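A.B. asks: Supplied in structure tokens, the structure appears directly below.
The values are calculated or read from the model by the stated rules, or taken from the named source; none is laboratory data. Note that the coordinates shown come from a computational prediction; the quantities given were computed from them, not determined experimentally. For neighbour counting, all protein chains shown are included, and Cβ atoms are generated from backbone atoms with ideal geometry for every residue, glycine included. To get the accessible areas, we keep the full protein, side chains included, count just its heavy atoms, and leave off ligands, DNA and RNA. Shrake-Rupley method; radii C 1.70, N 1.55, O 1.52, S 1.80 Å.
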Amino acid sequence: MALTWTHKDRGEIRVHENLEELSIDLVDYIAEISEASIKEHGVFCIVLSGGSLINLMGKLVEPPYNKIVDWAKWYVFWADERVVGKNHDDSNYKLAKDTLLSKVNVFPRHICSINDTVSAEDAATEYEFAIRQMVKTRTVIASENSDCPRFDLILLGMGSDGHVASLFPNHPALEVKDDWVTFLTDSPKPPPERITFTLPVINSAASVVVVATGESKANAVHLAIDDLTSLETSPSLPARLVQPSSGNLIWFMDKPAGSKLDGFKFSE
Ligand SMILES: O=C1O[C@H](COP(=O)(O)O)[C@@H](O)[C@H](O)[C@H]1O
């Protein structure tokens, strides 16, 4: 059974016994937010990341989810993308397409991926422009508290260095406040050229989920969530800067990733 609690300002924490349990809880949550968003405003605007998160969403294409989710109402975006061809193994689009999107009935025109034929800078500019058009036509809701879109759900993975999307520790991209999408040509994790949502966009979402699994992430999970001692304070750890201003934040993790959390007390 999962261990769950709510931190006074770091959101809800769900530590699961194993990856199977985590992935069921994660897809249940996605299906629930999808249904609620469609009921509320007719569509579901979901933002994906890359990495291990996508395989944990695999159950969405299996019964009962593949039949109960209203795929025709989904609009799919990416919180970050590597600037490589869409058929390249490093492409976050390819990963999601192969694992999920090719197996359900999301309309191809609702899949909002980057232009992979231009530079990282141009890809970021074009992606932001495309999202601004969708806010203008009200497919994507505008935030009431910021000059940002309010996506229904942003799904983030987290690296063992605490990066989320392609926002890396101590990188200038963390400071970008006026753009919705920015670019990097020096990502510490390959490939070097990437685009990423900025923190103001992530923090304007209605719901943000961070998924972290494996022991290699335990320290970053602790630094991102727990109340820190003055020695540990790490103001530029990207995962710690995820703090939706008027939305929900939920952390999904397995026991190894959650093992250094202050609230980690599983009975054996
Ligand atoms: O490079 C990236 O890494 C993160 C984390 O990946 P994981 O495999 O350690 O879960 C991912 O969320 C991000 O989208 C991706 O571009």
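A.B. asks: With respect to residue 230, is the statement that it is open to solvent by 10 Å² or more (accessible area, probe 1.4 Å), in a loop (DSSP other than H, G, I, E, B) and in contact with a strand residue (DSSP E or B) (Cβ under 7 Å, 6 or more places away or on another chain) true?
C.D. replies: So residue 230 fails the test.
A.B. asks: Among the residues of region 28-38, are any at pLDDT 95 or above and in a loop (DSSP other than H, G, I, E, B)? Reasoning before the result, please.
C.D. replies: Taking region 28-38 and keeping what is at pLDDT 95 or above, we get 28-38.
From what's left, in a loop (DSSP other than H, G, I, E, B): none.
No - not one qualifying residue is present in region 28-38.
A.B. asks: Among the residues of region 233-268 satisfying the criterion of being hydrophobic (A, V, I, L, M, F, W, C) and under 14 Å from the mean Cα position of the chain (by Cα), which is most open to solvent (accessible area, probe 1.4 Å)?
C.D. replies: 241
A.B. asks: Just checking, how many residues over region 78-94 are part of a loop (DSSP other than H, G, I, E, B) and more than 14 Å from the chain's Cα centre (by Cα)?
C.D. replies: Qualifying residue count, region 78-94: 9.
A.B. asks: Quick check, is residue 207 modelled with pLDDT of 95 or more and hydroxyl-bearing (Ser, Thr, Tyr)?
C.D. replies: yes
A.B. asks: List the pairs whose first member sits in region 153-166 and is within 17 Å of residue 244 (Cα to Cα), whose second member is within 9 Å of the ligand (Cβ to nearest atom) and among the charged types (D, E, K, R), and whose Cβ atoms are under 8 Å apart, counting only residues at least 6 apart or on separate chains?
C.D. replies: What qualifies is 158/217; 163/189; 165/80.
A.B. asks: Being farther than 18 Å from residue 2 by Cα and acidic (Asp, Glu) is the requirement here; does residue 262 meet it?
C.D. replies: no
A.B. asks: Among what's in region 58-77 and is without any contact (Cβ under 8 Å) to a residue 60 or more places away in the chain and within 16 Å of the ligand (Cβ to nearest atom), pick the residue that is surrounded by the most Cβ atoms within 10 Å (Cβ to Cβ). Reasoning before the result, please.
C.D. replies: We begin by selecting, within region 58-77, every residue without any contact (Cβ under 8 Å) to a residue 60 or more places away in the chain; these are 58-74, 76.
Add one more test, that the residue is within 16 Å of the ligand (Cβ to nearest atom), and what stays is 58, 76.
Working: 58: 13, 76: 21.
Here the answer is 76.
A.B. asks: Identify the residue in region 155-181 that is acidic (Asp, Glu) and more than 10 Å from the ligand (Cβ to nearest atom) and, among all such residues, is nearest to residue 116 (Cα to Cα).
C.D. replies: Keep residues of region 155-181 that are acidic (Asp, Glu), which gives 161, 175, 178-179.
Now restrict to residues that are more than 10 Å from the ligand (Cβ to nearest atom): 175, 178-179.
Details: 175: 25, 178: 24, 179: 20 Å.
This residue is 179.
A.B. asks: Something else now. What about residue 184, is it more than 10 Å from the ligand (Cβ to nearest atom), touching a helix residue (DSSP H, G or I) at 6+ places or on another chain (Cβ under 9 Å) and open to solvent by less than 50 Å² (accessible area, probe 1.4 Å)?
C.D. replies: yes
A.B. asks: Applying the selection to region 34-57, what residues are more than 16 Å from the ligand (Cβ to nearest atom) and surrounded by fewer than 18 Cβ atoms within 10 Å (Cβ to Cβ)?
C.D. replies: Once the filter is applied, which keeps residues that are more than 16 Å from the ligand (Cβ to nearest atom) and surrounded by fewer than 18 Cβ atoms within 10 Å (Cβ to Cβ), region 34-57 yields 35, 36, 38, 39, 40, 41, 42.
A.B. asks: Turning to a different aspect of this structure: Considering only residues that are in contact with a strand residue (DSSP E or B) (Cβ under 7 Å, 6 or more places away or on another chain) and more than 16 Å from the ligand (Cβ to nearest atom), which ones fall in region 142-154?
C.D. replies: 142, 143, 149, 150, 152
A.B. asks: Please go through region 96-118 and give me each residue that is free of Cβ contacts under 8 Å to residues at least 40 places away in the same chain and of a type in the set (S, T, N, Q), ordered by number.
C.D. replies: 102, 105, 113, 115, 117 - these are the residues of region 96-118 that are free of Cβ contacts under 8 Å to residues at least 40 places away in the same chain and of a type in the set (S, T, N, Q).
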